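Here's the structure we're looking at; comments come further down.
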Amino acid sequence: EIAARAPGFYPPLVVDPFEMLVTSVTAQQVSLIAACAIRNRVVRRFGRPVEHDGVQWWAFPRASDVAGHDLEGLGLSRSKIRAIGALAGADLDFAGADEEAIRARLLELPGIGPWTVDWFLARCLGRPDAFAAGDLGVRKAVARWASGGADPIWPEGRVRELCLQFGRHANLAVHHLLIPD
């Protein structure tokens, strides 16, 4: 029923851990529009221009492009500057690491909490059962679907419990539920 809403629709993955985590940090507690504006400024300052068919594109900066550089003037809060600086200097190679090890390593970093780790597992590592149950949009989407629109939002615990039924398809199911009706 959920997949029928948009056949062939699948969660996009960001393959670079640094890009995924910086993208998540910039989206914490701000509107999507504000997060995109901040990200654009980060990319313009630290990214690399790429030319193709006469069109200039910008590649997202690598951690080494940002490490040790000034992040002032980009619209980032002090805590986000600290988080992105820490990410730029962190070992983000998670090859062979299990979820607990990944979660523990990321949670040690400033500005990285459970919400960011959940999105990282889902949208960077593509873990099929991972999703951010505490995300406001997810809580609203699951409540809307499960209650037929009667409940505007559910608490995180109730969202996690309901999504257990999706098992190894929770990431995909939640992604579909985030599609507006």
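The set of residues in region 50-75 that are touching a helix residue (DSSP H, G or I) at 6+ places or on another chain (Cβ under 7 Å) and open to solvent by less than 70 Å² (accessible area, probe 1.4 Å) comprises 60, 61, 63, 65, 66, 67, 71, 74, 75. For region 1-10, the tally of residues that are loosely packed, with under 11 Cβ neighbours inside 10 Å and touching a residue at least 40 places away in the same chain (Cβ under 8 Å) stands at 0. Taken over region 31-49, the criterion of being assigned to a loop (DSSP other than H, G, I, E, B) and buried (at least 16 other Cβ atoms within 10 Å of the Cβ) is satisfied by 47 alone. Would you check if there is a residue in region 16-31 being hydrophobic (A, V, I, L, M, F, W, C), modelled with pLDDT under 95 and within 25 Å of residue 126 (Cα to Cα)? Checked against the condition, which is being hydrophobic (A, V, I, L, M, F, W, C), modelled with pLDDT under 95 and within 25 Å of residue 126 (Cα to Cα), region 16-31 yields at least one hit.
Condition test on residue 78, is it of a type in the set (Lys, Arg) and surrounded by 13 or more Cβ atoms within 10 Å (Cβ to Cβ)?
Spelling it out, it is not the case that residue 78 is of a type in the set (Lys, Arg) and surrounded by 13 or more Cβ atoms within 10 Å (Cβ to Cβ).
In the set (1) open to solvent by 40 Å² or more (accessible area, probe 1.4 Å); (2) within 16 Å of residue 170 (Cβ to Cβ); (3) among the hydrophobic types (A, V, I, L, M, F, W, C), residue 138 fails one condition alone, (1). When residue 93 is tested against (1) under 18 Å from the mean Cα position of the chain (by Cα); (2) modelled with pLDDT of 95 or more; (3) charged (D, E, K, R); (4) within 24 Å of residue 10 (Cα to Cα), just one condition goes unmet, and that condition is (4). With the structure loaded, tell me whether residue 133 is in contact with a Pro (Cβ under 7 Å, 6 or more places away or on another chain), free of Cβ contacts under 8 Å to residues at least 60 places away in the same chain and either surrounded by 17 or more Cβ atoms within 10 Å (Cβ to Cβ) or among the hydrophobic types (A, V, I, L, M, F, W, C) (or both) or whether it fails that test. No. Here residue 118 qualifies as within 23 Å of residue 33 (Cβ to Cβ), out of contact with any Lys or Arg (no Cβ under 7 Å at 6 or more places or on another chain) and touching a residue at least 12 places away in the same chain (Cβ under 8 Å). In region 81-117, the residue that is surrounded by the fewest Cβ atoms within 10 Å (Cβ to Cβ) out of those that are of a type in the set (A, V, I, L, M) and part of a loop (DSSP other than H, G, I, E, B) is 95. Only one of the listed residues (21, 71, 13) is in contact (Cβ under 8 Å) with a residue 12 or more places away in the chain and more than 20 Å from the chain's Cα centre (by Cα). That residue is 71. Screening region 118-181 for helices (runs of 4 or more DSSP H) wholly inside it with 1 or more residues that are more than 17 Å from residue 11 (Cβ to Cβ) returns the ranges 136-146, 156-163.
The values are calculated or read from the model by the stated rules, or taken from the named source; none is laboratory data. Since this is a predicted model, take the numbers as computed values, not measurements. Cβ coordinates were reconstructed from backbone atoms using ideal geometry, including for glycine residues, and neighbour counts include every protein chain displayed. Ligands, DNA and RNA are excluded from the accessible area calculation, which covers all protein heavy atoms including side chains. Shrake-Rupley method; radii C 1.70, N 1.55, O 1.52, S 1.80 Å.
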